[in-house]
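J.: Here it is, the structure in full.
The values are calculated or read from the model by the stated rules, or taken from the named source; none is laboratory data. A quick note: this is a predicted structure, and the numbers were derived from the prediction, not measured. Backbone-built Cβ (ideal geometry, glycine too); neighbour counts: all protein chains shown.
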Amino acid sequence: MAIRVLLLTQWFEPEPTFKGLVFAKELMRQGFEVEVLTGFPNYPGGRLYPGYKVKLLQREVIHGVEITRVPLYPSHGQSAIGRVMNYLSFSAAASVYGLFGAKRPDVIYAYHPPLTVGIAAALIRIFRRIPVVYDVQDMWPDTLNATGMFSNRAGLKMVSRVCDWVYRTADHLVVLSPGFKRILISRGVPESKIDIIYNWCDENALAKVDGNISADFPGAESFRILFAGNIGKAQALESVIKAAQILASRGANIIFVFLGGGLEVDNLKELAARQQLYNVRFLPRVPMSEVGSYLNSADALLVHLKKDELFTVTIPSKTQAYMAAGKPILMAVDGDAADLIRQSGCGQVAESENPHDIANAALALQSLSADEKESMAGKGPAYYKENLSLSVGTSHFGSIFRRLSFAKRKS
């Protein structure tokens, strides 16, 4: 008899989401029955997607996955009240459906953030006695404070207490890095209750490599280091511009290419223009289906985040994509992300926000022989396939689901 999983997440296809449809389909492929409990799609714009209208309940099937949508208040703007209403309305509706409407699952998988999803899962667990696996993808309230999303000390303390209650109530916690596990242990969560399951990447999108890229992408006569993704304050890419300036002063034939959009693009362009840097190139954001061609065309791939204690326990999602793409990585994020590159041997590590260290790492990658570059590049996909892939990660989740389900049946 197949184990039935209720996949509880506020965001799901057609919204951009990480553990969404591909995760549900892989669980089904591995023998689980899956029902998705989610809201009406409105993220990230805060407006309902075409073809959807908020109602008490809507059931649909996407690629064989059964989806139940419950009402929420659509909002995702700058208004704190609107966002709180968005979170709370979904949590309340999901709790009601989970308590009174859902066919009894064997286990609940709940995706965090937001915290309110965890609250709904905890309530269902308490009243229906269904084991909960809580997937902690954001370390609240630390992230709220570090990003400036919410800084009221009394409010942060309250959020922290609710987090601790959800952690105690859940039967098992899954985190994305060793650092997350250390933080939870420091908060009193038993080590035996926590598993590390690294995130995977959008494997299907990365597999689309047709070589169709912008004519503004530098040619192979230069060593091209590509940063692909959001360009915001957290990425702190001013340090990379300064590294480019150092490399230019040394006459190095290395070009940094920034592919993407974000709040800091104009500032970085202005900085590069003031320094008259010939070795910095900006390209606009492209659909995820086209990113693979750009990754494949680069000589190395860059990950960078600002120097912050929170980011030392974070593994940026582009890390897995870069590893799967099979290119040497310049990792300029301190902590767990750097450790992952060292363990896999697929790149060069530099200190975050240290232009000289970033420049030296870029030169070290450029100076590798063709055989050394090929060997380093090959280690990324091999490590990814063995440790980080969708099938591996889902298998780990499956083992946890089975263990909890069997333990419940015996009790």
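J.: Does any residue in segment 237-257 that is assigned to a helix (DSSP H, G or I) come within less than 6 Å, Cβ to Cβ, of a residue that is charged (D, E, K, R) six or more places away or on a different chain, and which pairs are these?
T.: From segment 237-257, the pairs are Ser239/Glu353.
J.: Tell me yes or no: at least one residue of segment 149-165 is within 22 Å of Arg403 (Cα to Cα) and outside any strand (DSSP E or B).
T.: Within segment 149-165, none of the residues are within 22 Å of Arg403 (Cα to Cα) and outside any strand (DSSP E or B).
J.: Right, another one. Output the residues belonging to segment 345-384 that are touching a strand residue (DSSP E or B) at 6+ places or on another chain (Cβ under 8 Å), closer than 14 Å to Thr319 by Cα and part of a helix (DSSP H, G or I).
T.: Gly380
Residue-wise test of (1) surrounded by 15 or more Cβ atoms within 10 Å (Cβ to Cβ); (2) in the same structural domain as Ala321 (by TED's automatic domain parsing); (3) farther than 27 Å from Phe401 by Cβ; (4) at pLDDT below 95.
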{"site": "Asp195", "(1), (2), (3), (4)": "yes, no, no, no"}
{"site": "Ala215", "(1), (2), (3), (4)": "no, yes, yes, yes"}
{"site": "Gly219", "(1), (2), (3), (4)": "no, yes, yes, yes"}
{"site": "Phe223", "(1), (2), (3), (4)": "yes, yes, yes, no"}
{"site": "Leu226", "(1), (2), (3), (4)": "yes, yes, yes, no"}
{"site": "Gly229", "(1), (2), (3), (4)": "yes, yes, yes, yes"}
{"site": "Ala234", "(1), (2), (3), (4)": "yes, yes, yes, yes"}
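J.: Assess whether Ile315 counts as being part of a loop (DSSP other than H, G, I, E, B) and buried (at least 23 other Cβ atoms within 10 Å of the Cβ).
T.: Answer is yes for this residue.
Yes/no per residue for (1) in contact with a Lys or Arg (Cβ under 7 Å, 6 or more places away or on another chain); (2) without any contact (Cβ under 8 Å) to a residue 12 or more places away in the chain; (3) aliphatic (A, V, I, L, M):
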{"residue": "Gln10", "(1), (2), (3)": "no, no, no"}
{"residue": "Lys19", "(1), (2), (3)": "no, no, no"}
{"residue": "Gln30", "(1), (2), (3)": "no, no, no"}
{"residue": "Thr38", "(1), (2), (3)": "yes, no, no"}
{"residue": "Pro41", "(1), (2), (3)": "no, no, no"}
{"residue": "Val65", "(1), (2), (3)": "yes, no, yes"}
{"residue": "Ser75", "(1), (2), (3)": "yes, no, no"}
{"residue": "Gly82", "(1), (2), (3)": "no, no, no"}
{"residue": "Ala93", "(1), (2), (3)": "no, no, yes"}
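J.: Give me the strands (runs of 3 or more DSSP E) completely within segment 1-76, filtered to those with at least 1 residues that are of a type in the set (S, T, N, Q) and not assigned by TED's automatic domain parsing to the domain that holds Leu176, ordered by residue number.
T.: Where strands (runs of 3 or more DSSP E) fall fully within segment 1-76, none carries at least 1 residues being of a type in the set (S, T, N, Q) and not assigned by TED's automatic domain parsing to the domain that holds Leu176.
J.: The conditions are (1) touching a helix residue (DSSP H, G or I) at 6+ places or on another chain (Cβ under 6 Å); (2) outside any helix (DSSP H, G or I); (3) over 19 Å from Pro178 (Cβ atoms), and Ala324 fails exactly one of them. Which is it?
T.: Failed condition: (2).
J.: Whether any residue in segment 89-108 is farther than 22 Å from Arg129 by Cβ, modelled with pLDDT of 95 or more, assigned by TED's automatic domain parsing to the domain that holds Asp138 and over 20 Å from the mean Cα position of the chain (by Cα) is what I want to check.
T.: Yes, some residue in segment 89-108 is farther than 22 Å from Arg129 by Cβ, modelled with pLDDT of 95 or more, assigned by TED's automatic domain parsing to the domain that holds Asp138 and over 20 Å from the mean Cα position of the chain (by Cα).
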